[in-house]
Each structure stands twice: as structure tokens, then as C-alpha cells.
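A short worksheet on the structure shown next.
The values are calculated or read from the model by the stated rules, or taken from the named source; none is laboratory data. None of the values given here were measured: they were computed from a predicted structure. FYI the Cβ positions are ideal-geometry reconstructions off the backbone, even for glycines, and counts take in every protein chain you see. Only protein heavy atoms, including side chains, enter the accessible area calculation; ligands, DNA and RNA are left aside. Shrake-Rupley method; radii C 1.70, N 1.55, O 1.52, S 1.80 Å.
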Amino acid sequence: MPHSPEGLDRTDPEGAVAAAAKRCSNWGRWGADDVLGTLNFLDEAKRLEGARLVRRGVSFSLSQSFDMDGPQKGWRRRTNPVHTMLDTGTDAERGVQGFPHGIGGADDVIAMPLQASTQWDGLGHIFDHGMAWNGRRAGDVVTSDGDRVTGIETAAAHIAGRGVLLDVGRAIGTDGELPDGFAITAEHLAATIAAQGETALVGRGDLLLVRTGRLTRARRDIAEGRGWGDYAGGDSPGLSFTTADWLHDTEIAGIATDTWGFEVRPNEFDVAFQPLHQVCIPNIGLFLGEMWDLDALAADCAVDGVWDFFLTAAPLPVTGAVGAPVNPIAVK
């Protein structure tokens, strides 16, 4: 039987979710009309603090590719992006574009689920017993017209500030990686902070990045001819359900990982699906990022010993969307 952290009853996900939701609820904390959740912790002072962390000017994109060679396999109609050219250099050479005086151009289009690659989960993405963030009825928030209350566009101007990387794979794992099914507890996070030092301290308004090494392993599998395997939806290291209180109490603004689903898979109950999501998004109001590429940033942090940086990670403001692609940029 899979291991569960001490005190977690594998047979009672319903009770565990209900208890954690009650302990960690932020409903009403910022008023009945709030649409930002934990992004309220990321204020002007926190952005200034993040901006002051730029010393070397070196930048890192934390995004995976958006292309047809991604990890998606069609689960719940999630496919990899399909990129199609509308105008090409061949068209320009042949003079069939209809432009005057020799000018030509290229144009293209992409079709994709908004959570096909590096992305943020919005506050309308997950519900708890039919309730959305801040105590609203799910059906009053997200309809066939989209999320008209907490659509991802409401977050577009806010996600920039102090980023902190906790490389749990490097601090706790073997050769920089955690095995699939490894549940990262609050104790593991604390041990990683202790190992990395003062610049890894995590607190109010921070944007926390957690590296497990799962993407590193997937890329090794691809290079060795095995493909993506079950990176999208399969077994994976990730946050333990027991971190719900830590995520609430630290008052972070958002958290992102290098995994498909943020929390450990298989989940820590006998019959469950993403129970930590069920607490974090609709009850805490916490923004979750998934499939972020943290490897190059982690390597740099390990060399210079500095684990915090300025991070800007605005989602594409697709009106009414419950999640959106992002190209996060960390600047040190």
C-alpha cells in the first residue's frame, strides 16, 4: 500500500478535504467581491522588494515549449498545441499574397487547450462541492460563456514580485530528482530552506517555485527514445496533501512546480483525484502553476547560492478563461 504521511487517513478523503478546507479557508478575507485570492498578498511593496533582487541582469525563461511534441495525450480533450502557417515565405516568393512593391510576410495561427503547457490555474478552475472561490456557486461563476467572475484576465497585472526557488529535488532527492509518488511535506520544504540558506526563506506575498526533477527525468526519457511517458497525468513527485496548512499559513501569493499536477501522484488517499487542488484553489484562493521549466534557474542558483529573484509571470489574459499559458521570466 502506498505510504501516507503520519496522521493522514487514506480511507477518508472526504473528511480530510472538509477539515483542511475549514482550517484554511480565506473566504471573505478580502471582501465578498474579491477575485484575486492570495494575489492580494502581492502588493506594491512586495514588487519593489522583488525588483531590488536584480543584480546581474541574467534572465531565465521558465516555460516549456508550446508545440506538437508536448506531453499531452488527450486526457479530458487536452491535446498538444497545433501550429499552422497562414502565410509563408513560399507564398511571398511566388507573389501570391497580393501585396504591392515586393513586400511579403508570414502569418500563423495556433489551436490549443489553455493548459497544454506551462500555465497558471485560475480561481475558476476547481470547485469544492459545487462551490467556487470565496463561497460563490460554481454555476454562477463559470458557464458556457466562461468564467465571468474570476476569469484569468483578472490576474494579468498582478503576478510580478519576489520569486523563491526551493529545489527539493536537489536538497532531498537523489542526483537532483525525487522519485515518482514522493510526497513533499512541510518538513521537506523546511529542510530545503535550511539547506539553501537565508535567500530561500518563504513568506507573505512570495511566488514560490518548487523543483522536483520530474521534468528533468521526462527529458532524459525523451532523449533516450522513450518519449514523454506518463509525465502528463501519471505518477509524479509533488506536494503532499498535508502541506495545505503550510501553504495557507505562509501567505504566499502563488506556487508553481515542474510537474503536470502540482501535488503528488498517485494522490495520498485510496480513492481521490487532486484533493490538494480542492483545498488550495476554491478555499485558499491560491494560484497554482504547473509544467514550469525550473532546471536552468536551479542550476544557476546552485552555483551562486542565491535562491530568490525577480519573477514576472503574467498569464495570457484570455477573457473568461479558467487557466492560461505563461512564459515566466526570472531575473537575477
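The residues of the chain have, on average, 44 Å² of accessible surface per residue, using a 1.4 Å probe with all protein chains present. For GLU44 and ARG94, the FRET efficiency from 1/(1 + (r/R0)^6), where r spans their Cβ atoms and R0 equals 56 Å, is about 0.55. Element breakdown for the chain at a 1.4 angstrom probe: carbon and sulfur atoms account for 53% of the accessible area.
Applying the Karplus relation 6.51 cos²θ - 1.76 cosθ + 1.60 with θ = phi - 60° to region 260-272 yields 3J(HN,Hα) values of 5, x, 6, 9, 4, 9, x, 5, 8, 10, 4, 10, 7 Hz, where x marks Gly and Pro.
Calculate how many DSSP beta bridges within region 82-236 are antiparallel, expressed in % of all such bridges and rounded to the nearest 5.
Antiparallel bridges: around 70 percent, rounded to the nearest 5.
Computed over the chain with a Gaussian network model linking Cα atoms closer than 10 Å, the most mobile of SER59, SER25, SER144 is SER144. ASP300 contributes about 30 Å² of solvent-accessible surface, heavy atoms of the protein only, 1.4 Å probe. Translational D (Stokes-Einstein, µm²/s) of region 95-199 at 4 °C and 1.567 mPa s when Rh comes from the Kirkwood sum over C-alpha pairs? Calculated translational D: 68 µm²/s. Couplings for region 30-47, taken from phi via the Karplus curve 6.51 cos²θ - 1.76 cosθ + 1.60 with θ = phi - 60°, read 10, x, 5, 9, 4, 10, 9, x, 5, 5, 4, 6, 8, 9, 4, 5, 5, 5 Hz in order; Gly and Pro are left as x. When Rg and the Kirkwood radius Rh are both evaluated on Cα atoms of region 173-231, their ratio Rg/Rh stands at 1.06. Extension gain, HIS83 to THR174: 0.36 nm times the residue separation minus the Cα-Cα distance gives 29.0 nm. Here LYS332 is the anchor, and the aspartates and glutamates within straight C-alpha reach of less than 18 Å, apart from those fewer than 8 places off in the same chain, are GLU49, ASP167, GLU198, ASP206, ASP293, ASP295, ASP300, ASP304, ASP308.
Taking the chain as a Gaussian network of alpha-carbon nodes connected by springs under 10 Å, the highest mean-square fluctuation of the residues THR199, THR90, THR11 belongs to THR90. The alpha carbons of the chain occupy a box of 73, 49, 45 Å along the principal axes, longest dimension given first.
Viscosity 1.567 mPa s, temperature 4 °C: give me the Stokes-Einstein translational D for region 35-140 in µm²/s, with Rh taken as the Kirkwood radius over C-alpha pairs.
The calculation lands on 68 µm²/s.
Each part gets one Cα centre, and for region 211-265 versus region 84-162 those centres are 23 Å apart. Under 5 Å between amide hydrogens, which residues at least 5 positions from GLY323 or on another chain qualify, with H placed 1.01 Å from N in the peptide plane? Those lying under 5 Å, H to H, from GLY323 are GLY122, ILE152. Shown is the FRET efficiency for VAL109 and HIS129, computed with R0 = 25 Å from the Cβ-Cβ distance and rounded to the nearest 0.05: 0.05. Per q in 0.15 1/Å, what log10 I(q)/I(0) does a Debye calculation on the alpha-carbon atoms of region 69-129 return? Scattering profile of region 69-129, log10 relative to I(0): -0.65.
Put a dot 7 Å past the Cα of LYS73, heading toward its Cβ, do the same for ILE222, and the two dots end up 1.6 nm apart. One quarter of the convex hull surface built on the alpha carbon atoms of region 181-332 amounts to 9.9 nm², the projected area averaged over directions.
In region 240-302, the ratio of gyration radius to Kirkwood radius, Rg to Rh, stands at 1.01 when only Cα atoms are counted. Bridges between two residues of the chain, per DSSP, are antiparallel at a rate of about 65%. Using the Cβ-Cβ distance between ALA299 and ARG29 with R0 set to 35 Å, the FRET efficiency works out to roughly 0.40. Each residue of region 216-232 was assigned a 3J(HN,Hα) from its phi angle through the Karplus curve 6.51 cos²θ - 1.76 cosθ + 1.60 (θ = phi - 60°); the sequence is 4, 5, 4, 5, 5, 4, 4, 4, 9, x, 9, x, 6, x, 9, 3, 8 Hz, with glycine and proline shown as x.
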